[in-house]
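Undergrad: Here it is, the structure, as structure tokens.
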Amino acid sequence: MGILDFLSGQFIDVIHWTDDTRDTMVWRFEREDHEIKYGAKLTVREGQAAVFVHEGQLADVFTPGLYMLETNNMPIMTSLQHWDHGFKSPFKSEIYFVNTTRFNDLKWGTKNPIIVRDPEFGPVRLRAYGTYSVKVSDAARFLTEIVGTDGEFTMDEISYQIRNIIVQEFSRSIAMSKIPILDMAANTRELGKLVSTEISATIAEYGLTIPELYVENISLPPAVEEVLDKRSSMGMIGDLNKYTQFQAAEALGRDGGAGAAMQAGLGAGLGMQIGQAAAQGGPWGPRPTAGVQAPPPPPMPEKVWHLAENGETKGPFSKATLGRMAADGSLTRATFVWTPGQDGWKTADDVDELAQLFTVLPPPPPPAG
């Protein structure tokens, strides 16, 4: 073996990349003057792709494996340089390693509230946030469309753009879905899939794909949440008169002794003053004439119910309407129902108030003839 053959064997390049940053998407292999020796060994590991750029033009893309960089396995480079199989001098090219693994636990969220029209509450402002993962699906397209000549491209350089696309499609999807606000918590998975499907075409133009997208939370403004909590509390209280009596009795039992006696005496004295003033036509008005009863208090608002069928919410329906639906079979014991103040969806058979609709039997038929 001649000295020249020995020296050429000693200077064979070994081209590879190991990443320990966990956020690098593209890394350029550096060589002085970008000179790569003929016959160099290229190692592309799992989760990587190697892209050759020669004189500003994308030449080859190598998938995971071990390669000897020679003219017989680089047909595109050979055609660009018009090489023959005997040409063994170094060639000048740039090699970009592209990370094709998933980048997980990336955050997205609405910077400003989204205005949607709810069938029950009208226009409402919403905020949402969640996580997503992204992956390079087309290394060549990603390099030409996004990276360019950047020698080290990280996830932070494109995450802001992806978040903007997600928020834009989420705003459009949630407005078109027409899902009631009270039912959105039960449909976050479907919303995530819908948004992921809608943005897949746009992301694919960058050479990327989003394998997973999650909606972790959809929230209302604090003022609206406070009103909603009060409304739920009123639904749980039920009879307001009994609740007032219960609070008064609880206060007496809690204070006890002189405090309880003082409250009782004050209440009795105030009642006597009101009675005397009413008899004398005082500031509370004249005493009503005999035989005329005071008008009854306004009735409590009727409880209404929502039904879930085939992933959609229907309603609200009154209990009388549900009774007719139970009679004609459109409401069954297994139908999921929800009413304000109820903890999640339940089957109609699990709600005592509705289970009675299925136990009422018609009277026996009249005798024949």
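Undergrad: Tell me, how many Å apart are the Cα centres for the stretch 102-141 and for the stretch 173-235?
TA: For the stretch 102-141 versus the stretch 173-235, the Cα centre distance is 8 Å.
Undergrad: If a/c stays under 1.5 just call it rounded; otherwise compare a/b with b/c (prolate if a/b is bigger, oblate if not). Do that for the stretch 103-224, with a ≥ b ≥ c from the square roots of the Cα gyration tensor eigenvalues.
TA: Prolate, because a/c is 1.5 or more and a/b exceeds b/c.
Undergrad: Something else now. Between Glu190 and Gln356, what length comes free when the chain is fully extended (0.36 nm per residue of separation minus the Cα-Cα distance, one decimal in nm)?
TA: 56.4 nm
Undergrad: Could you name the lysines whose alpha carbon sits less than 30 Å from that of Lys107, not counting residues in the same chain fewer than 8 places away?
TA: Lys135, Lys178, Lys193
Undergrad: First check a/c for the stretch 304-358, with a ≥ b ≥ c the square roots of the eigenvalues of its C-alpha gyration tensor; if it is under 1.5, answer rounded, and if not, answer prolate when a/b is larger than b/c or oblate otherwise.
TA: rounded
Undergrad: I would also like to ask the following. Mind checking the full-extension length gain between Thr321 and Lys303? Use 0.36 nm per residue of separation minus the Cα-Cα distance, one decimal, nm.
TA: Separation in residues times 0.36 nm, less the Cα-Cα distance, equals 5.3 nm.
Undergrad: Next question. If the chain between Thr149 and Thr209 were fully stretched, how many nm would it gain, using 0.36 nm times the residue separation less the Cα-Cα distance?
TA: Length difference between fully extended and current span is 19.4 nm.
Undergrad: Here's another thing I want to ask about it. Please give the FRET efficiency for Ala223 paired with Lys41, using the beta carbon to beta carbon distance and R0 = 41 Å, rounded to the nearest 0.05.
TA: Here the calculated transfer efficiency is 0.05.
Undergrad: Compute the distance in nm between two label points, each set 7 Å from the Cα along the Cα-to-Cβ direction, one at Val124 and one at Asn164.
TA: Result: 3.0 nm between the two label points.
Throughout, read-outs are computed from the coordinates displayed, never taken from laboratory work. All values derive from a computational prediction rather than experimental measurement. Because the Cβ atoms are built from the backbone with ideal geometry, glycine has one as well, and the counts that use them run over all protein chains shown.
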